[in-house]
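Structure first, commentary second.
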């Protein structure tokens, strides 16, 4: 019978988990494009201590649970780091053949998003309440949006 993999504290490591020589824990998984991705943490479980001189972070198993939840919910793990402006530009690039007025409206909205604090935030941190707040802020500034139903 094969022996189970263990870390330097004697704890059994699950599939995909490993420990590097510097003591950091590593989780390897395959993303939706078939490329290997890695997640690192100094702690295996939440009760572990971070080595002296290292920044505190969430444990590897918590990161794995969050990652698996995102994958199960259909959220692109790599894409959730993109900003709102990047997402809007990507959406517009997928529909290039539009009328001139539509193109002008898209550029107008992109300029508004670039100037606003919401445009530089990552899409995983934006909540529906943030979008409603943005729409209210735009209407107070005199910006006319065709669709304010958010």
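The values are calculated or read from the model by the stated rules, or taken from the named source; none is laboratory data. Note that this is a predicted model, so its numbers are computed, not measured. Positions of Cβ are generated from backbone atoms using ideal geometry, with glycine treated the same way; all protein chains shown enter the neighbour counts.
With respect to the conditions (1) touching a strand residue (DSSP E or B) at 6+ places or on another chain (Cβ under 8 Å); (2) at pLDDT below 90, residue 74 falls short on a single one, namely (1). Of the helices (runs of 4 or more DSSP H) contained entirely in the stretch 44-150, those carrying at least 1 residues that are under 27 Å from residue 30 (Cβ atoms) fall at 60-72, 84-93. Out of 114, 132, 97, 127, report the one residue that is loosely packed, with under 11 Cβ neighbours inside 10 Å, out of contact with any strand residue (DSSP E or B) (no Cβ under 6 Å at 6 or more places or on another chain), farther than 30 Å from residue 40 by Cβ and modelled with pLDDT of 85 or more. Of 114, 132, 97, 127, the one residue that is loosely packed, with under 11 Cβ neighbours inside 10 Å, out of contact with any strand residue (DSSP E or B) (no Cβ under 6 Å at 6 or more places or on another chain), farther than 30 Å from residue 40 by Cβ and modelled with pLDDT of 85 or more is 97. Is at least one residue of the stretch 3-15 outside the structural domain of residue 67 (by TED's automatic domain parsing) and modelled with pLDDT under 90? Yes, that holds for at least one residue. Scan the stretch 1-22 for residues that are surrounded by 12 or more Cβ atoms within 10 Å (Cβ to Cβ) and part of a loop (DSSP other than H, G, I, E, B) and jot them down. The answer is 5, 7, 11, 13, 14, 16.
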